[in-house]
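The values are calculated or read from the model by the stated rules, or taken from the named source; none is laboratory data. This structure is a prediction, so every number in the text was calculated from the model and none was measured. All Cβ positions, even for glycine, are placed from backbone atoms using ideal geometry, and neighbour counts span all protein chains on display. Accessible surface is based on the protein model in full, side chains and every heavy atom, while ligands, DNA and RNA are left aside. Shrake-Rupley method; radii C 1.70, N 1.55, O 1.52, S 1.80 Å.
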Amino acid sequence: MAGEAVETEKPYRVLILGAGFGGLYTAVYLSRFLGKHRPDVWVTVVDRRNYFLFTPMLHSVATGALEPRYVAHSIRKIFRKTRVHAHVGKIEGIDLENRQVRTTHRALPYDDLVIALGSETNFFGNLDLERRAFTLKNLEDAARVNNHIIRQFERAYWEENPEIKRGLLTFVVVGAGPTGVELAGEIYEYAHRELLRDFGRRITKDEIRVVLVEATGRILPSLPEKLSQEAIRRLESIGIEVMLGTRLESWDGTMVRLTSGSGFLASTLVWSAGVKTNPLVRELPLDKDPSGRIIVRSTLEARTMDHVWILGDNAHAIDPFEQKPYPPTAQTAVRQARVVAHNIAARLIKKPEITFAHRHVGGFVSIGDNYALLSAKQFTLTGILGWFLWNLVYINKLPIIRYRLFSTFGLFLKVFFERSTTEVDFCPEEEKQPIREAGRMAG
Ligand SMILES: Cc1cc2nc3c(=O)[nH]c(=O)nc-3n(C[C@H](O)[C@H](O)[C@H](O)COP(=O)(O)OP(=O)(O)OC[C@H]3O[C@@H](n4cnc5c(N)ncnc54)[C@H](O)[C@@H]3O)c2cc1C
């Protein structure tokens, strides 16, 4: 973008909340679009973590295929050669009236505010479940799941009671969106291909069970029906039990009860059946949809406030082709980031703004090792080729080449080397509530 540099004494502050897919890419694009123009524009990204988390590969960390650092990339390194300043601290409040954001360190004023704070797990008010169930939203969750799976194998190894042993080796994933399906597939591969080799003296293949529970009648609602059916076939063919049209009624750490009336022992349950908007966003006095996402104009500026831009999981943006809101995915967030960055820069250098109108052409989902389903327009691909493309597409999304290489290396490690079965638990005692609960109940 070209434009006249404007000399001003006071800096123009663009404050970006969140260094996830939406926030990080907005900062990278904005820095690129501004180039050498408007040196008075300061861009700050605030996040409670000092790294960008590559969520599409989080399940590989949860199942020993990748080390945490392969999916967590330092934002200070990413911004090193840009005009972006990384502010690592927890955001405690957003004051739209006085145009400032409070973090653990200080109050940050802004001229333009970008909100990309993502979402959190929705337990739909079930506090019992919230206390006990495992989730997969961040690196800590992935490490917990990984350690817990290994611990169940360690317990099962010495268990003499076959019923309890089977419960220890039953892994339930609730919610068959992409995260649930991918995680169930990875747990299955991990248990059968890796852990079974370590524990094979006293544990057999038939004692391990992976169950995927879904309340609706189909899995992967974002993919075409044909691919959803194909995914079920794949899951079942490798040995995962898919239970459709039934909800989780309760889980006390050992016993799973479903609304269909069935009940079985399982000492691991991962909840991936819903997300809700970040609480800071839910509190904002802006127009929102029933799920708390902020309604935006087609330029991605909040419908009821200028200079406040929303994207990613926090935005309710209408897909003009489908006439429904865009799904909360990394793909959506990255594409929106480009538009937000373009529009902020365009306004600063007096260029026309653009609107966000992306036609959703398909999706990907990986199911276990070396297999993925890919759908794009009329084109569908399954198997190892799909799996390879799935990985390339995601790795290609990483913001800097060094991390792309890093992740490609991680991928090769996953294909050619064994997964890790080491239980490394640095988690302080008080944070172990779900593990302790599950472990105690499971005996
Ligand atoms: C396990 C998993 C797998 C996924 N796989 C895929 C996939 O394969 N494909 C796909 O398209 N999508 C996938 N997604 C969804 C995708 O990750 C999200 O849609 C995407 O990250 C949304 O981007 P965002 O910028 O809105 O939020 P995020 O990327 O979540 O970023 C939000 C940022 O805000 C920060 N933050 C939040 N609250 C505060 C606070 N109070 N103070 C400071 N910082 C704060 C967080 O630390 C985070 O860095 C997956 C999600 C998960 C959990």
query = GNM on the chain, C-alpha springs below 10 Å: top fluctuator among LEU389, LEU183, LEU212?
reply = LEU389
query = Quick one: length gained pulling ASP206 to LYS90 fully straight, 0.36 nm per residue minus the C-alpha distance?
reply = 37.1 nm
query = Label ARG404 and TYR12 with points 7 Å out from Cα along Cα→Cβ: what is the distance between them in nm?
reply = 3.1
key: Solvent-accessible area per residue, Å², over the chain with all protein chains present [probe radius 1.4 Å]   = 46
ask   = Quick one: length gained pulling GLU241 to ARG80 fully straight, 0.36 nm per residue minus the C-alpha distance?
value = 53.2 nm
query = What is the Cα radius of gyration of segment 160-258 over 2.2 N^0.38 Å, N being its residue count?
reply = 1.13
task = Can you tell me the relative contact order of segment 83-229? Whole percent, Cα pairs under 8 Å, sequence separation 6 or more.
result = 15
query = Is segment 1-136 best put as rounded, prolate or oblate by its Cα gyration tensor, with a ≥ b ≥ c the root eigenvalues, rounded for a/c under 1.5, and otherwise prolate when a/b is larger than b/c, oblate when not?
reply = oblate
ask   = Farthest toward the dipole's positive end in the chain, which of PHE416, LEU113, ALA184, given Cβ charges of +1 (Lys, Arg) and -1 (Asp, Glu) about the Cα centre?
value = LEU113
ask   = Where a Cα-Cα gap under 20 Å defines reach, which lysines qualify for LYS165, not counting those fewer than 8 residues away within the same chain?
value = LYS205
request  = With r as the distance between the Cβ atoms of ASP252 and ARG197 and R0 = 41 Å, compute the FRET efficiency 1/(1 + (r/R0)^6) and round to 0.05.
outcome  = 0.85
task = Would you mind checking the tilt of helix 21-34 against the longest principal axis of the Cα atoms of the chain, expressed as 0 to 90 degrees and rounded to 10?
result = 30
task = Would you please give the residues with an amide H less than 5 Å from that of ARG209, counting only those at least 5 places away or on a separate chain, with H modeled from the backbone geometry?
result = THR170, PHE171
ask   = Between LEU385 and THR422, how many nm apart are label points set 7 Å from Cα along the C-beta direction?
value = 3.9
remark   = In Å, the Kirkwood hydrodynamic radius from C-alpha pairs for segment 266-368 sits at 15.1
For the chain, calculated [θ]222 nm from helices alone, where every DSSP H run of n ≥ 4 adds -39500 (n - 2.57) = -10000 deg cm²/dmol
request  = For the chain, give the percent of accessible area contributed by carbon and sulfur heavy atoms, probe 1.4 Å, rounded to a whole number.
outcome  = 52
Evaluated over segment 183-333, the Cα radius of gyration and Dmax, each in Å = 20.3, 65
request  = For the chain, report the translational diffusion coefficient in µm²/s to the nearest whole number, using Stokes-Einstein at 20 °C, 1.002 mPa s, and a Kirkwood Rh over Cα pairs.
outcome  = 93
note = With a 29 Å threshold on alpha-carbon distance, the violating pairs from LYS10/LYS350; LYS77/LYS137; LYS90/LYS324; LYS10/LYS90; LYS276/LYS397; LYS36/LYS90 are LYS90/LYS324; LYS36/LYS90
query = Once you put a point 7 Å from the Cα of GLU120 and another 7 Å from the Cα of ASN370, both along the Cβ direction, what distance in nm separates them?
reply = 4.2
message = Pick from GLU283, GLU130, GLU194 the residue whose mean-square fluctuation is largest in a GNM of the chain, springs joining Cα atoms under 10 Å.
response = GLU283
message = Need the full-extension length gain, ARG106 to ASP306, defined as separation in residues times 0.36 nm minus the C-alpha distance. One decimal, nm.
response = 69.6 nm
ask   = Pick from GLY261, GLY410, GLY239: which residue has the top mean-square fluctuation in a GNM of the chain where Cα pairs under 10 Å get a spring?
value = GLY261
note = The base-10 log of I(q)/I(0) that the Debye equation returns for segment 127-192 at q = 0.29 Å⁻¹, one scatterer per C-alpha, is -1.36
message = Taking 30 Å as R0, compute the FRET efficiency from the Cβ-Cβ separation of SER262 and LYS324 and round it to 0.05.
response = 0.30
remark   = Computed from the beta carbon distance with a Förster radius of 35 Å, FRET efficiency for SER298 and ASP128 to the nearest 0.05 stands at 0.25
